[in-house]
Structure formats: structure tokens, C-alpha cells
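Chemist: Provided herewith is a single structure, encoded as C-alpha cells, for subsequent inquiry.
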Number of protein chains: 2
Amino acid sequence: MKITLAHGAGGRETEEFIKNLIIPTFLYRNIEGGIGLDDLEDSAVIPISSEEYLAITMDSYTVSPIFFPGGDIGKLAACGTINDLAVVGAKPIGMLDGIVVEEGFNLDELKKILRSLESVLRALRVPLLGGDFKVMPKGSINNIVITTCGIGIIKGSPIRDSGARPGDKVIVSGTIGDHGAVILALQSGLEIESEELFSDCQPVLPIMEKALKIGGIHAAKDPTRGGIAMALNEIAKKSNVMIAIDEKRIPIRDSVRAYCDMLGVDPLSLACEGRVVMCVDPKVADDVVEALHSIGQEDARIIGEVCEEPKGYVVMKTIIGGTRIVEAPSGEIVPRIC
Amino acid sequence: MKITLAHGAGGRETEEFIKNLIIPTFLYRNIEGGIGLDDLEDSAVIPISSEEYLAITMDSYTVSPIFFPGGDIGKLAACGTINDLAVVGAKPIGMLDGIVVEEGFNLDELKKILRSLESVLRALRVPLLGGDFKVMPKGSINNIVITTCGIGIIKGSPIRDSGARPGDKVIVSGTIGDHGAVILALQSGLEIESEELFSDCQPVLPIMEKALKIGGIHAAKDPTRGGIAMALNEIAKKSNVMIAIDEKRIPIRDSVRAYCDMLGVDPLSLACEGRVVMCVDPKVADDVVEALHSIGQEDARIIGEVCEEPKGYVVMKTIIGGTRIVEAPSGEIVPRIC
């Protein structure tokens, strides 16, 4: 059997592949009292004292093209890892990177990528502690692949995908699918105007910090590969709840919707790289939305709520008045989207 | 300007590239009281209490061929990261991996690689806590690249490259250049017999634990890219000492020497993947060697000593009776050696 693009696309096949092939291979997958491989959370978690946990996460970035409206692979690699820490409630304290480039790669482009990565870390005062740099001969890798590892500290309890409770409001922190749409459009060879289509790539740490200050955040995810369709399905399954969302409330840019229509893809399954979906105590949900508006996340809104049944499903009330099940995306989705 | 293979080969150009390009790009590079990017140690170190440090390291493995006598890319990725933790005196507590494969990659080969990686972790009871899995379209990556991140705990003080002191004995834990020779021979298309040429790829944790139990370990490195030539030059520079080694004492397999002669390379600059060079208090150096023999490292021996002057140099007494300066290797050395 051969590996297909779908195995790495972040949808159902990736989940099955990890559950059926990777997890059973490893005898040791967790540290007692922590969150490990089986949990498939955004970060692994290691208890370090009675009140603190260490969060650690790692992602490989293969995005193509490496420069795109709204960012580049360097910014993406920094944000993606910061975001995986942020959504479990961790404050990032350090990052490492493993950079693999093709022989003949342009040095100025590499500098630009490093500066992008750095500017994200600088703004959050996160040090780059170390890493690795390798060059592969011409033709054995396309451009550049960056792997980043981030570590952070959680004071109190980690936020889990399994924490959503019936009655919670589902909040999305901004428009969805922006990153996926721009990458997909570029890969499809479409001409795009950067004023109308650009990645949402940004660190969600300020969003999470603001929301956590208010409290009542029961579950949170950054909806990257597989989009909010994947993220909400994971929360629904792990929390053993149903998530009901309302299509007309989901913030989607007109330009993203137009490109999605043109390209025949569902914006719900397109990656975001600077958004959070959270399940929030209904008593404070409006306060959280308002707080997010106050820090420039003006499209943050409640898009649905957490219900009891049917457990493990995401159901959407559509604009035309019906309801449909939002499945975890399947197939190739978009290769090299992040 | 273009990136060359030498920039990623682990020799002088890599060092200069990191010092001149990567380090100046990043404003934040350390955590107070820790070891960060500037230090170019095998692991970064973060203080977590008055008696404990967290060590963290990350490496990208691009070795070609991916299967070789003595190991494969999975075993290498596990050992390499474990070893970077071990040589700073850390006990590994967890690992993450970022796997990027080419579309169409053989599933059975992937399983074999994962099992190799796992068997290293299993033997040391180190859990795989999480990671990432991506697939790149056919032709955009050759086979597979694995990045591993390891974290460990240091009780007491980290072992630093800068810790060598005049009078210390230089110990190597086994034969040198085995890994580099086999990869280079395979890349050169030579027929090799696996009984005579095989990688030394193994975790050095038992070696370090045994040595640390005796004490007096002032500096330690696993001599990977650039071999012991690079490792000793780094120690000499950072410790501000001269290191004098004796060629006739350096353990090199006859087969490795023969292939090196045939290929025109210096075994001192060839990667090892299961060895440690250490600078050890002369009072306990013989005990350390004996202890290493007792755990199956039968080729461990003292190969030289640390002197005062000329600072920053590695000097070798040659078999034919002269002396020569052992420089940090330069140029392409061997691409995709690890």
C-alpha cells in the first residue's frame, strides 16, 4: 500500500492513519497525569508541579507557495506552533526550529522567511532556543520545509477538546477559511488580489489570553487543516456532545465565499491559521465575544451551541432553511496548505 | 546568493551561517539562567527549579539512503535526539516527531521506520507524546524527512561544551566514523558487506549515565555531522583550551579506514551516531573507560588530553610521527548523512 495525500491532509484519513498505524506502534505514549499521543490534542502536556503543566507541540510546515498574501512559511511556522500552545491554555516560553532547504535556495528569501518567523516571536517575547539547519541536494526537496516545536507553561488546568458541555456557546474568533482559500487559489493558478484574499495567519495568543481572563472556556481549538468542520467534529466526539451551528452566523468573507464557489470547496473545511473556535459557558459567552471585539477581532461571534444528542455530531442549520450534518472532511482537501 | 550543501553539512560553513545569519535575526534567544541559541550546545536548557533544568533539542533527519546497515532513518531520528539530550546530562522524558513523506511512499517501509524509532524509545521507556504527519505531492520531497524533538530533565548542572579543563583526558566511547563511512559508501554506489561496514547508530544514554555515575565529566558531545574533528574543535574553542589527540589511539575499524582511503575522506570528519567524546577529570578517566568497557563499549579509550595552548586548536600526533592541526571540517562533507 502507498501513502496518499489524504493521509496527511488533516481530515478523516489522517485521523484514522494516526489512530490505526502510529498510535499502536508506540508502547509508551504519555507521562502520568499528562496529555499524550492518544489524546490527539493540539499540544502534549506534562505535569511539572501541583499547579503547573508544561505544554509541548510540534508541527511541520510544507506550505506551497511559500510566500502568500498575509504571510509566508516562516510566519506560518511561528504562528501555528504558538497557536497550538495557546489553545490548550499555555503561555509560550520558547521555540525551536528545524529548517530543511533545497540546495540553491535563494538566501534573500530565506532571510525574509526567518525575519517573518522572528517578528512573530519578538512580538510575543518568545525566544528561539535552538534548532537544526539542513540542506538537501537539488531536486530532493521542493524549496523549504520548516518544523517548529514550541513549549509553554500552563498555570491551572489545560483546556481540553473533551471539555465542551451541553449549553455552551460556540464562538469563532473571526472569519473562517481565509488561509485555505488563498493557498488553494494560488495553487489553482488563479489571479488573486491581495486586498480581497489573504491569509488570516496570526498568533491567537492574545485572543486566548483575553478569553481566559473572562473564564468559562471549556474547549478551544485553532481550526487549521480540515477547518472548523474538523475542529468541531473533534470537539463533538471527544466531549461526547452534539454541536449545532447556524450557517448564517458563521463569518465568511465574501471573497472567500466567491473563491470557494469557484473552486468547489466548502469553506468550513478550509484551514484558518489565526482563529480559535471555543465552547464557552453561556453565562459569559457574550462577554467573551465583546472582549474579542475590543482587541480587534471584530468578526468574533457566537455561531452555535453545544447540545446533548446525537453525540459526536456537528449539525448545521443552513441558510436555505434545512439542516445538514457537517462531516469531518475527507480526501485530499488541499495539499501543502500549511 | 544561493544556499549550498556546505551550509547544512555541519562543518565550518554551517557554524558561520548560524552565527552570521540565524542568530542575529532573532532578538530573543535564551531564557534567563538557561542555555539558548547563542550557545550552540546539543540541547537548549531551561531552568525549572533551583536543582533542575529542562533540556530540549530538535533535529531534522534527511539521511539517504533511508535504510542502511545498522539502522534506518527512524532509528537515527530517535537516537540522534536522545543523544543530544544525553550529552548535556539530561534524562529523556518525552519525544515528539514531525514526519513528512512523499506521496506514494511505501506503507510497509513507513511501518518499518516507525517500528525502528519506537524500539529505541521503548528500550529507554521514553514516550512519544505527539507530533505531526504531512504528505507532500510526488516529486516535491525525496522519500521521507523526520524531525524529532526531545525533552529531558537535568538534575544538577548541565554538561557544557565550555567545561573542558587543562589536564582533562579526552575519551571516545567507541570506534569513529562508522555511520559516515557506510552512508558515504552507499551514496558512492560502492558494494558493501554489512558485516564489515555498518552504522554505529545507538542511544548513548547508557554511556552517559554510566560515566556520570563515576563523575568528573567536564564536557561531552556526540560527534555527528563533522565527526570528532568538529566536536573537538567546538569544545576547544568554547572551553578556550587546546586539545591534543594521538592518532594511533583513535579507534577506527579497519573497514572504515579502508573505505575512507578509497573515498578520500578523513575519518575524523565522518559522523558517528552512537558515540560520545568527553573531557574527563584525569583522576577518574581510567575508571570511566573501564566502566564503558563493562557495558559493551569495548573500544572506549583515552585518545588525548586537554592542554592550555594554543587555545582553540585541536592538534594531533600522527601515526607517522608528525603533528598536524585538526581543523573543523569545511565544504560539503557528506550530504544527507543524518
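The values are calculated or read from the model by the stated rules, or taken from the named source; none is laboratory data. Given the structure is predicted, the values throughout are model-derived calculations rather than measurements. In this analysis, Cβ positions are derived from the backbone assuming ideal geometry, glycine residues included, and neighbour counts consider all displayed protein chains.
Chemist: Which members of the stretch B:204-232 meet the condition of being more than 22 Å from B:V334 (Cα to Cα) and either touching a Cys at 6+ places or on another chain (Cβ under 8 Å) or outside any helix (DSSP H, G or I) (or both)?
Modeler: First pass over the stretch B:204-232, keeping only residues more than 22 Å from B:V334 (Cα to Cα): B:204-220.
B:V204, B:G215, B:G216, B:I217, B:H218, B:A219, B:A220, listed by residue number.
Chemist: Just a yes or no: is a residue in the stretch A:149-156 within 28 Å of B:N143 (Cβ to Cβ) and either within 14 Å of chain B (Cβ to nearest Cβ) or in contact (Cβ under 8 Å) with a residue 40 or more places away in the chain (or both)?
Modeler: As a first pass, look at the stretch A:149-156 and keep what is within 28 Å of B:N143 (Cβ to Cβ): A:149-150.
Now narrow it down to the ones that are either within 14 Å of chain B (Cβ to nearest Cβ) or in contact (Cβ under 8 Å) with a residue 40 or more places away in the chain (or both): A:149-150.
Among the residues of the stretch A:149-156, at least one is within 28 Å of B:N143 (Cβ to Cβ) and either within 14 Å of chain B (Cβ to nearest Cβ) or in contact (Cβ under 8 Å) with a residue 40 or more places away in the chain (or both), which makes the answer yes.
Chemist: Ok, one more. Give the residue, chosen from A:D59, A:D38, that is among the acidic types (D, E), at pLDDT 95 or above and closer than 17 Å to A:P335 by Cβ.
Modeler: On inspection, the qualifying residue turns out to be A:D59.
Chemist: Still on this structure, please answer the following. In contact with a helix residue (DSSP H, G or I) (Cβ under 9 Å, 6 or more places away or on another chain) and modelled with pLDDT of 95 or more: which single residue out of A:D72, A:D84 fits that description? Give the derivation first.
Modeler: On the way: A:D84 fails: in contact with a helix residue (DSSP H, G or I) (Cβ under 9 Å, 6 or more places away or on another chain).
Result of the check over A:D72, A:D84: A:D72.
Chemist: Taking only the stretch B:74-116 into account, find how many residues are more than 9 Å from chain A (Cβ to nearest Cβ) and either without any contact (Cβ under 8 Å) to a residue 40 or more places away in the chain or under 21 Å from A:L5 (Cβ atoms) (or both). It would help to see each step written out before you state the result.
Modeler: To start, the set of residues in the stretch B:74-116 that are more than 9 Å from chain A (Cβ to nearest Cβ) comprises B:74-92, B:95, B:109, B:112-113, B:116.
If we keep only those that are either without any contact (Cβ under 8 Å) to a residue 40 or more places away in the chain or under 21 Å from A:L5 (Cβ atoms) (or both) too, we end up with B:109, B:113.
Here the count works out to 2.
Chemist: I've got another one for you. Any residue at all in the stretch B:179-193 that's surrounded by fewer than 18 Cβ atoms within 10 Å (Cβ to Cβ), in a loop (DSSP other than H, G, I, E, B) and on the phi > 0 side of the Ramachandran plot?
Modeler: Checking the stretch B:179-193: at least one residue is surrounded by fewer than 18 Cβ atoms within 10 Å (Cβ to Cβ), in a loop (DSSP other than H, G, I, E, B) and on the phi > 0 side of the Ramachandran plot.
Chemist: Within the stretch A:128-140, is there a residue that is under 22 Å from A:I295 (Cβ atoms) and buried (at least 24 other Cβ atoms within 10 Å of the Cβ)?
Modeler: Filtering the stretch A:128-140 for residues under 22 Å from A:I295 (Cβ atoms) gives none.
Scanning the stretch A:128-140 turns up no residue that is under 22 Å from A:I295 (Cβ atoms) and buried (at least 24 other Cβ atoms within 10 Å of the Cβ).
Chemist: Let me ask you something else. Scan the stretch B:5-50 for residues that are within 8 Å of another protein chain (Cβ to nearest Cβ), assigned to a helix (DSSP H, G or I) and polar (S, T, N, Q) and report the count.
Modeler: 2
Chemist: Determine, yes or no, whether B:I46 is more than 27 Å from A:T62 (Cα to Cα), of a type outside the set (G, A, S) and touching a strand residue (DSSP E or B) at 6+ places or on another chain (Cβ under 6 Å).
Modeler: Values: more than 27 Å from A:T62 (Cα to Cα): yes; of a type outside the set (G, A, S): yes; touching a strand residue (DSSP E or B) at 6+ places or on another chain (Cβ under 6 Å): yes.
Here the answer is yes, as B:I46 does meet what is asked.
Chemist: Let me ask something else about it. Restricting to the stretch B:76-127, what's the tally of residues that are under 15 Å from B:C201 (Cβ atoms) and of a type in the set (V, I, T)?
Modeler: 4
Chemist: Could you check how many residues of the stretch A:188-204 are within 23 Å of A:D222 (Cα to Cα) and touching a residue at least 60 places away in the same chain (Cβ under 8 Å)? Break it down into steps so the answer makes sense when it comes.
Modeler: From the stretch A:188-204, those within 23 Å of A:D222 (Cα to Cα) are A:196-204; that's our starting set.
Right, trim to touching a residue at least 60 places away in the same chain (Cβ under 8 Å) and you get A:197-204.
Result for the stretch A:188-204: 8.
Chemist: So which of B:S116, B:S162 is in a helix (DSSP H, G or I) and within 21 Å of A:L129 (Cβ to Cβ)?
Modeler: Details: B:S116 fails: within 21 Å of A:L129 (Cβ to Cβ).
So the residue among B:S116, B:S162 that is in a helix (DSSP H, G or I) and within 21 Å of A:L129 (Cβ to Cβ) is B:S162.
Chemist: What pairs can you find where one residue is in the stretch B:126-139 and more than 7 Å from chain A (Cβ to nearest Cβ), the other is surrounded by fewer than 24 Cβ atoms within 10 Å (Cβ to Cβ) and charged (D, E, K, R), and their Cβ atoms are less than 9 Å apart, with a gap of 6+ or different chains?
Modeler: Partner pairs satisfying both residue conditions: B:K138/B:E102; B:K138/B:E103; B:G139/B:E102; B:G139/B:E103.
Chemist: What number goes with the only condition from (1) out of contact with any Pro (no Cβ under 7 Å at 6 or more places or on another chain); (2) surrounded by 20 or more Cβ atoms within 10 Å (Cβ to Cβ); (3) more than 27 Å from B:L40 (Cα to Cα) that A:D72 does not pass?
Modeler: Against the list (1) out of contact with any Pro (no Cβ under 7 Å at 6 or more places or on another chain); (2) surrounded by 20 or more Cβ atoms within 10 Å (Cβ to Cβ); (3) more than 27 Å from B:L40 (Cα to Cα), A:D72 comes up short only on (3).
Chemist: Kindly evaluate B:S64 against the criterion of being in contact (Cβ under 8 Å) with a residue 12 or more places away in the chain and crowded, with 24+ Cβ neighbours inside 10 Å. Explain how you work it out, then say what you get.
Modeler: Values: in contact (Cβ under 8 Å) with a residue 12 or more places away in the chain: yes; crowded, with 24+ Cβ neighbours inside 10 Å: no.
Considered against the rule, which asks whether it is in contact (Cβ under 8 Å) with a residue 12 or more places away in the chain and crowded, with 24+ Cβ neighbours inside 10 Å, B:S64 comes out as no.
Chemist: Separate question: Looking at this structure, is A:G150 in contact with a strand residue (DSSP E or B) (Cβ under 8 Å, 6 or more places away or on another chain), part of a strand (DSSP E or B) and at pLDDT 95 or above? Let's see the steps before the verdict.
Modeler: On the way: in contact with a strand residue (DSSP E or B) (Cβ under 8 Å, 6 or more places away or on another chain): yes; part of a strand (DSSP E or B): yes; at pLDDT 95 or above: yes.
Judged against the criteria, A:G150 is a match.
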